[in-house]
1. How many residues, within the stretch 178-198, are more than 10 Å from Gly234 (Cβ to Cβ) and touching a Ser or Thr at 6+ places or on another chain (Cβ under 7 Å)?
2. Being closer than 25 Å to Ile44 by Cα and among the β-branched types (Val, Ile, Thr) is true for just one of Val314, Val381. Which residue is that?
3. Pick from the stretch 79-102 the residues that are in contact with a Ser or Thr (Cβ under 6 Å, 6 or more places away or on another chain) and not polar (S, T, N, Q): which of them is nearest to Leu480 (Cα to Cα)?
4. Which ranges mark the strands (runs of 3 or more DSSP E) fully within the stretch 351-407 that have 2 or more residues being over 27 Å from the mean Cα position of the chain (by Cα)?
5. Filter the stretch 413-438 down to residues that are of a type outside the set (A, V, I, L, M, F, W, C), outside any loop (DSSP other than H, G, I, E, B), within 27 Å of Cys368 (Cα to Cα) and over 21 Å from the mean Cα position of the chain (by Cα), then give me how many there are.
6. Residue by residue through the stretch 192-204, note down the ones that are crowded, with 24+ Cβ neighbours inside 10 Å and assigned to a loop (DSSP other than H, G, I, E, B).
7. Restricting to the stretch 278-300, count the residues that are free of Cβ contacts under 8 Å to residues at least 24 places away in the same chain and either closer than 18 Å to Glu204 by Cβ or outside any loop (DSSP other than H, G, I, E, B) (or both).
8. Do we find a residue being without any contact (Cβ under 8 Å) to a residue 60 or more places away in the chain and either in contact with a strand residue (DSSP E or B) (Cβ under 7 Å, 6 or more places away or on another chain) or more than 21 Å from Phe261 (Cα to Cα) (or both) anywhere in the stretch 414-421?
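Derivation of every value follows stated rules applied to the coordinates shown; laboratory data play no part. Everything numeric in this text was worked out from a predicted model, so none of it was measured. Ideal geometry is used to build each Cβ from the backbone, glycine not excepted, and the neighbour counts take in all protein chains shown.
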Amino acid sequence: MGLNSLYLKQERDAEWRAELRKKTKNKDRMLINRVSMPELEPEIRVNYQDREVNSGLTREMAMQEAIRCMDCANPTCIEGCPVSINIPKFIKNIERGEIQQAASVLKETSALPAVCGRVCPQEKQCEAQCFYVQKLNKPAVAIGHLERFAADYERENGEMSVPETAESNGIKVATVGSGPAALSFAGDMIKKGYDVTVFEALHEIGGVLKYGIPEFRLPNNIVDKELENLQKMGVHFETNFIVGRTASFDDLKEQGFQAFFIGSGAGLPRFMNIPGENYNGILSSNEYLTRVNLMGAQYDETDTPVLHGKRVAVVGGGNTAMDSVRTALRLGAEKAMIVYRRSEEEMPARIEEIKHAKEEGVEFHNLCNPLEYYGDEKGRVSGMKLIRMELGEPDASGRRRPVPMEGSEFEMDVDLVIVAVGVSPNPLVPSSLKELNVTKWGTIVVDENNMQSSIPEMFAGGDIVRGGATVILAMGDGRLAAEKMDHFLQEKYTVN
């Protein structure tokens with residue numbers, strides 16, 4: 001799935017790339033400061049659920065930032081990218097002003113570049129492997145900002161290129177779910193000439209991209225444009241279709257589907273099982289965000305209700321917790337709080353998300369854990385008892401284990417609690433396939449070298465395999481599954 005070194009060398013040796021390297025000396029490239037992403041002012045953005053916080057780079061800013069890239073002979077940044085984007089090639093195209101070409105390079109390996117440019121944790125992946133970080137201890141080239149810029153530029157200029165696809169081989173494959181893993185898989189399989197159908201249980205395509213990520217971070221129309229490109233390539237989409245209920249896998253096999261990719265995600269919420277957790281006003285982040293992001297519950301004209309609170313506590317420290325607490329602010333919370341049992345350094349949320357939450361006035365109660373909830377006479381949550389924590393020795397995750405501090409309990413007034421402490425896979429697919437191996441957590445067991453399950457024609461990836469993970473890791477799973485399923489089908493059938 002990765003890009004081989006000979007290909008990368010040939011691309012780097014292209015005359016235009018060599019000319020660009022000569023044009024600016026490396027010492028001059030290193031003197032340029034990393035670009036800062038323009039943002040909406042906090043006091044403005046907290047009033048809008050559907051106005052994006054980051055406003056994107058200008059063409060001038062992007063071209064200047066692209067000059068910083070050294071076009072390394074050994075581009076370690078690519079090793080940090082789960083979908084193996086040819087990062088130097090797309091950035092050097094931006095440097096020479098060929099933005100459309102940069103966007104085309106992105107789409108060679110990524111089905112969702114405008115999405116990834118917004119929500120990927122680049123600081124932990126490609127940018128962490130950048131020459132500037134590894135060798136100079138300086139800020140990385142802003143790869144994520146440049147990816148977003150190229151994808152947005154192409155879309156806004158109305159010249160969306162559609163990647164080439166091979167001639168149809170007549171073999172039908174299906175994906176269960178339409179999140180990032182499934183879409184990445186579908187994009188690669190359609191390029192290889194397969195007939196691909198995506199089955200989605202909900203009424204809109206996009207999975208977690210639609211129901212889980214707020215529009216102030218990832219606008220729905222951006223996702224829709226990426227989906228439109230997949231449709232133009234030939235991918236079929238079926239909504240309101242629950243595989244295992246609407247039709248069984250056997251039914252689909254009878255319809256001619258010869259292999260399946262399970263990318264049904266992890267939409268089952270987890271709770272903490274503490275006293276009072278069943279009071280009204282205590283809900284999962286999945287339900288809260290889905291009601292707002294997918295169902296438009298914040299608007300009076302929609303049928304879907306959502307609970308509003310004045311004093312809102314969100315339990316958790318990941319991106320979903322940040323999305324939930326910032327949504328609560330936009331829905332009118334006077335006090336929006338994060339309650340997290342570890343310190344800020346251990347928070348899995350992106351640094352940018354924590355920064356934005358703080359700017360918007362979110363209170364952080366770190367090293368605290370809920371013990372119990374209290375309710376009023378109507379059964380609505382009215383308060384919570386917490387205990388302070390201290391960090392002990394590292395646990396299996398490598399993070400220091402939080403340990404309760406005896407006698408440190410305290411109480412907090414709340415009227416809405418959103419629990420964002422993780423998710424579990426939806427059990428529908430595993431329960432409908434008795435021969436499918438699953439873990440005690442409900443995730444599907446696959447061979448990590450090829451994403452193949454215990455049922456040979458069934459591959460899986462994303463959160464249904466990993467539990468809760470990132471968009472880009474799910475996309476990497478989808479790409480690997482497509483590559484390996486192609487090999488499997490080539491061996492099994494005579495491809496025309």
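1. Residues flagged as more than 10 Å from Gly234 (Cβ to Cβ) and touching a Ser or Thr at 6+ places or on another chain (Cβ under 7 Å) within the stretch 178-198 amount to 3.
2. Details: Val381 fails: closer than 25 Å to Ile44 by Cα.
Residue meeting the stated conditions: Val314.
3. To start, the set of residues in the stretch 79-102 that are in contact with a Ser or Thr (Cβ under 6 Å, 6 or more places away or on another chain) comprises 83-85.
From what is left, the residues that are not polar (S, T, N, Q) are 83, 85.
Values: Val83: 9, Ile85: 14 Å.
It comes out as Val83.
4. Numbers: elements: 363-366, 368-375, 381-394, 400-404.
So the answer is 368-375, 381-394, 400-404.
5. Just the residues of the stretch 413-438 that are of a type outside the set (A, V, I, L, M, F, W, C), to begin with: 413, 415, 422, 424-427, 430-432, 434-435, 437.
This time we only want the ones that are outside any loop (DSSP other than H, G, I, E, B), so: 413, 424, 430-431.
Now drop any that are not within 27 Å of Cys368 (Cα to Cα), which leaves 413, 424.
Within this subset, residues satisfying the condition of being over 21 Å from the mean Cα position of the chain (by Cα) are 413.
Summing the residues that are of a type outside the set (A, V, I, L, M, F, W, C), outside any loop (DSSP other than H, G, I, E, B), within 27 Å of Cys368 (Cα to Cα) and over 21 Å from the mean Cα position of the chain (by Cα) in the stretch 413-438 gives 1.
6. First, the residues of the stretch 192-204 that are crowded, with 24+ Cβ neighbours inside 10 Å: 194, 196, 198-200.
If the condition is that a residue be crowded, with 24+ Cβ neighbours inside 10 Å and assigned to a loop (DSSP other than H, G, I, E, B), then Tyr194, Glu200 are the ones that fit.
7. Taking the stretch 278-300 first, the residues free of Cβ contacts under 8 Å to residues at least 24 places away in the same chain are 278, 287, 291, 295-297, 299-300.
Subset that is either closer than 18 Å to Glu204 by Cβ or outside any loop (DSSP other than H, G, I, E, B) (or both): 287, 291, 295-297, 299.
Matching residues across the stretch 278-300 total 6.
8. To start, the set of residues in the stretch 414-421 that are without any contact (Cβ under 8 Å) to a residue 60 or more places away in the chain comprises none.
No, there is no match, as no residue in the stretch 414-421 is without any contact (Cβ under 8 Å) to a residue 60 or more places away in the chain and either in contact with a strand residue (DSSP E or B) (Cβ under 7 Å, 6 or more places away or on another chain) or more than 21 Å from Phe261 (Cα to Cα) (or both).
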